[in-house]
Amino acid sequence: MIKAAEYGHNSWELSVVVDQQDLEESMRFKMRVEGTLHIGGLMLKLVEKIKAPQDWSDHALWWDQKSCWLLKTHWTLDKYGIQADADLHYTPQHKPLCLQLPSMRTLRLNVSFSSVVFKTVAEICRLLNIRRSEELSLLKPPDDPRKKKKKDKSPEWQVDEMLTKDILDSTATGVSGSPGFYSTSMTFQTENGFHYNPKNPLAKCQLNLPSDELAKMFQPLDLEDKAVINAGWLDSSRSLMEQGIQESDRLQLRFKYHCFFDLNPKYDAGRITQLYEQARWSILLEEIDCTEEEMLMFASLQYHICKLTSMSTDQNNRSDEAEVDEVEAALSSLEMTLEGGTADSLLEDITDIPKLEDSLKLFRPKRLTLKPYKEYWFVFKDTTISYYKNKESASGEPMEQLHLRGCEVVPDVNVTDKKFGIKLLIPVADGMNEVYIRCETETQYAKWKAACILASKGKTMAYSSYRTEVKNIQSFLQMKSLAPPSGQTSPAPDSMEMNAESFVSPRYVKKYKSKQLTTRILEAHQNVSKLSLMDAKMRFIEAWQSLPEFGIKYYVVRFRGSKKDELLGISYNRLIRIDMATGLPVTTWRFSNMKQWNVNWEIRQVAIDFDQNVSLAFSCVSCDCKVVHEYIGGYIFLSTRSKDQNETLDEDLFHKLTGGQE
C-alpha cells in the first residue's frame, strides 16, 4: 500500500469517466493529482492508465457540472478551479448528430461537439459542399405536444442511410482534402480553396410528398407560434455540448439569414437546391403567407421541377450537371464579373438622366379620406418621385416629394385581377411612412417598380441595370399569369398525370377538387414550361424572396415603458414593431439608420440607438435576448461582405458583432 506522504501533501483523488463510442459502458478511473498538473498532463496520465491501444487524439475533457470543455491543455487544474468533487468525462469531441436538411431529409453525421456552433456549421457545410456557411445555422425544433404520449415515428426524422453514404463517399473522393484541381473524382476547386462536386448528392430535388403525408405535417401557425419556433436557434458562440445537445440528438440545418450572397449555379447546385427546398416547404406548410395566385404559380414551378428531376435523359443531365472545364469556367466567370462590374460602377450619363412621367393613383393608409386612391400626375427623376394635381401643373411646385433612397419596395400585385400596385415604405425619423401607388398596365408597373428598386439603392434609371430589372419584372408577371401565353392552348387535365394536391398547401386541397387544381396548375405551367431545371429553381427562390413576409422572424418582446407584450419582426434590413392583437406593423426601423446596439445582460434588455435621436429598448419574452442580439449582429456582419472572391470570412468580427459580453 502506498503511503499518503508519497503522493505529496497537496495531492488529491480525481475521478474521470472515459467514454468510448464503440463500447457500451463507460469506464471510471481514479487518479492522484495535484492542482499544478496541467490538463494535457492529466490526459496523458489518463491514457497511460487506460492502457488501451487506440487513437485518443479526438478525445478531450468535459466538466459536467460547469457544462464546459477543458480545451486549454496548458491550463492547470487550479486555474480551471477543478477540485476533488469535479465530475470529468474524457469523451470524443466528434459525435453523431441527426441533422435534418432543408429538404427534410435526415442525415447522421459525426460533427464537432466541442467547437463553437459557427465553426461546427462551417464544418458541416464543407462536408455537404455548401458555400457561404455563415448564412446557415442549427435550429432546435420545439417539442411537439401531439407526440408526447406516443413514440415519435415521424418519417421526417428517419435517417436517410443512402444519402448519408453518398455524402460520405463524395467527401472521401475529394470534397474534404481534395486531391487537386484536375482530379478524376470530378471535384473542382473554387475560391478560398473550396471544392465542389458537379455530382453533389444534395443537388437533386426531392419529389413532393403525397397530400395525406403533407397534411400530417401541416400545423396552422400564428405569429406567436412562429416566435416559439424562432427561439430555437442555437448560440453560434457556444458549442453543442454547452447548449445541452447530446449525442444523436435531432437538429435542423436551415438558412438562418435571408440574404443569399453570390448564388452561382456553376458552384452552388447543392446550395441552390437546398435553398429551393427550404422555400418550397415554407410555402407548402404556410410558414409564410402568399395569395392564391402566388400559390398556383409556386405549384406550377414545383411541378415543372419535379418533372425535370424525374427525367433521366442525357440532354437534361448535360444541361444541369455538366462536367465543366475549370479553365473555361474561370475565364467565363471573370468575364461576367468584369462586365457586370463595369456596367454597375459606371457614372451616370451626365448629359441626360432619364425620367418617368405618367398618370398614377396614390393612397396613404394613415390619412383620413373617403376615396382611398386618388389620381395624380407623377414624375420620377433621380431617386425622387414628385406628384402634382394634374399634368398642366407639373411645371410648378409638386404637392409632395417622396425621397426613395433607403426605402422598401413591396409588390402589391394580382395579375388575374389586373391589380398592379407598389407599396413604398419610406424611412422617416420615427419609423416608416407607408405609400401605395397603383399602375394601370403591366408595362407601366414594370417601369415604375424597376425605377423604385434602383432608387432605394441610391441609383437612377441611367444605370444599365434598369432595363434588365424591367425585363425581369415583366417576366415575373408573365410567370404569375394563370393564362397560357398567346399561341398556346390550355392543356387538358387528363393529358398528363399529376398529383396536384402535393403541390399546394393542405388548405387549398380542401378548397378545390383535384381536377380543378390540376387544370389551374397546368395552365400556370405553360408560362414556365421552357425553363431549365436550374432556372426554375432560381425563379422559385426569387418569387419566394418577393413575398411581403419573406425573411421576417418574429419574437415576443416587451418594449420599455409598455405594459403589454408585442411582436418584434427582424428582417435582413429592418426591425418591425407589430401589434400582437392585429398582426399589423406599428413602426419600422432600418438597420442603415442604426448607430449602435447593446445588451444589458443583468436585466436582459436590448437597447438600440438610431439616427435623429431615436432609441428603443426591449426585453425578450419568447426567447433569451442573446438570440435576438445575434440575429441583429449577424445581419450587420453579412452586410460587410464584398464581391472580392478571395476574401476570407472574418470569424472574429462575427463573434464581436453577435457574441455580446455576458
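Listed here are the residues, each with its yes/no results for (1) at pLDDT below 90; (2) over 30 Å from I39 (Cβ atoms); (3) not aliphatic (A, V, I, L, M).
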{"site": "H89", "(1), (2), (3)": "no, no, yes"}
{"site": "P96", "(1), (2), (3)": "no, no, yes"}
{"site": "R105", "(1), (2), (3)": "no, yes, yes"}
{"site": "R132", "(1), (2), (3)": "no, yes, yes"}
{"site": "P155", "(1), (2), (3)": "yes, yes, yes"}
{"site": "S170", "(1), (2), (3)": "yes, yes, yes"}
{"site": "S178", "(1), (2), (3)": "yes, yes, yes"}
{"site": "F188", "(1), (2), (3)": "yes, yes, yes"}
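Got a sec? Which of D349, D344, D358, D382 is closer than 26 Å to K643 by Cβ, of a type outside the set (S, T, N, Q) and at pLDDT 65 or above?
The conditions single out D382.
Regarding the stretch 198-207, can at least one residue be identified that is part of a loop (DSSP other than H, G, I, E, B) and modelled with pLDDT under 55?
Scanning the stretch 198-207 turns up at least one residue that is part of a loop (DSSP other than H, G, I, E, B) and modelled with pLDDT under 55.
Within the stretch 625-634, is there a residue that is at pLDDT below 90, in a helix (DSSP H, G or I) and over 17 Å from the mean Cα position of the chain (by Cα)?
Within the stretch 625-634, not a single residue is at pLDDT below 90, in a helix (DSSP H, G or I) and over 17 Å from the mean Cα position of the chain (by Cα).
Of all residues in the stretch 423-433 being crowded, with 17+ Cβ neighbours inside 10 Å and among the aliphatic types (A, V, I, L, M), which is modelled with the lowest pLDDT?
In this case the residue turns out to be M432.
Evaluate the stretch 575-587: report whether one residue or more is touching a Phe, Trp or Tyr at 6+ places or on another chain (Cβ under 9 Å), surrounded by fewer than 17 Cβ atoms within 10 Å (Cβ to Cβ) and in the same structural domain as R641 (by TED's automatic domain parsing).
No, the stretch 575-587 contains no residue that is touching a Phe, Trp or Tyr at 6+ places or on another chain (Cβ under 9 Å), surrounded by fewer than 17 Cβ atoms within 10 Å (Cβ to Cβ) and in the same structural domain as R641 (by TED's automatic domain parsing).
To keep it simple, each residue is scored yes or no on (1) within 30 Å of Y512 (Cα to Cα); (2) more than 30 Å from the chain's Cα centre (by Cα); (3) at pLDDT 85 or above.
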| position | (1), (2), (3) |
| --- | --- |
| D417 | yes, yes, no |
| G421 | yes, no, yes |
| V435 | no, no, yes |
| Y466 | no, no, yes |
| Q474 | yes, no, yes |
| M479 | yes, no, no |
| P484 | yes, yes, no |
| P493 | yes, yes, no |
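Could you check the stretch 69-97 and list, in sequence order, the residues that are crowded, with 16+ Cβ neighbours inside 10 Å, outside any helix (DSSP H, G or I) and of a type outside the set (S, T, N, Q)? Write out each step before concluding.
Residues of the stretch 69-97 that are crowded, with 16+ Cβ neighbours inside 10 Å, as a first pass: 69-70, 76-77, 80, 82, 86, 88-97.
Those left that are additionally outside any helix (DSSP H, G or I): 69-70, 76, 82, 86, 88-97.
W69, L70, I82, A86, L88, H89, Y90, P92, H94, K95, P96, L97, listed by residue number.
Please specify each residue of the stretch 439-462 satisfying the condition of being more than 14 Å from V413 (Cα to Cα) and of a type in the set (K, R).
K447, K457, K459
On the given criteria, is S248 assigned to a loop (DSSP other than H, G, I, E, B), in contact (Cβ under 8 Å) with a residue 24 or more places away in the chain and touching a Phe, Trp or Tyr at 6+ places or on another chain (Cβ under 6 Å)?
no
May I ask you to list the residues in the stretch 572-609 that are more than 24 Å from L638 (Cβ to Cβ) and of a type in the set (K, R)?
R604
I'm told E286 meets every condition in (1) under 21 Å from N200 (Cα atoms); (2) at pLDDT 50 or above; (3) among the acidic types (D, E) except one. Can you identify the failing condition by its number?
For E286, the exception is condition (1).
Looking for whichever is closer than 30 Å to L61 by Cβ and assigned by TED's automatic domain parsing to the domain that holds L109 here; the options are I245, I288. Which one fits?
Every option except I245 fails the conditions.
So Y388 ticks every box in (1) within 16 Å of K449 (Cβ to Cβ); (2) at pLDDT 90 or above but one. Which box is left unticked?
For Y388, the failing item is (1).
Looking at the structure I just gave you, is E497 modelled with pLDDT under 90 and among the charged types (D, E, K, R)?
yes
Could you please find all residues in the stretch 585-606 being among the aliphatic types (A, V, I, L, M) and in contact with a Gly (Cβ under 6 Å, 6 or more places away or on another chain)?
Scanning the stretch 585-606 gives a single hit, V599.
Report every pair of residues separated by at least 6 positions or lying on different chains whose Cβ atoms are under 6 Å apart, first residue within the stretch 541-570 and touching a residue at least 40 places away in the same chain (Cβ under 8 Å) and surrounded by 20 or more Cβ atoms within 10 Å (Cβ to Cβ), second part of a strand (DSSP E or B) and among the aromatic types (F, W, Y).
Qualifying pairs under 6 Å: V557/F618; L567/Y554; L568/Y555.
Quick one: in the stretch 211-245, which of the residues that are assigned to a loop (DSSP other than H, G, I, E, B) and over 30 Å from D652 (Cβ atoms) is modelled with the highest pLDDT?
The residue in question is D222.
Hey, any hits in the stretch 598-617 for a residue that's surrounded by fewer than 17 Cβ atoms within 10 Å (Cβ to Cβ), under 30 Å from I283 (Cα atoms) and outside the structural domain of M295 (by TED's automatic domain parsing)?
No: zero hits.
With the structure loaded, tell me whether F298 is surrounded by fewer than 22 Cβ atoms within 10 Å (Cβ to Cβ) and either of a type outside the set (F, W, Y) or more than 23 Å from I578 (Cα to Cα) (or both) or whether it fails that test.
So F298 fails the test.
Which of (1) under 20 Å from Y80 (Cβ atoms); (2) buried (at least 16 other Cβ atoms within 10 Å of the Cβ); (3) at pLDDT below 90 is the odd one out, the single condition M43 does not satisfy?
(3)
For the structure I just gave you, tell me whether K149 is modelled with pLDDT under 50, loosely packed, with under 13 Cβ neighbours inside 10 Å and not acidic (D, E).
Answer is yes for this residue.
The values are calculated or read from the model by the stated rules, or taken from the named source; none is laboratory data. As the structure is a computational prediction, the values presented were derived from the model and not from experiment. With ideal geometry, Cβ positions are generated from the backbone for all residues, glycine too; neighbour counts draw on all protein chains shown.
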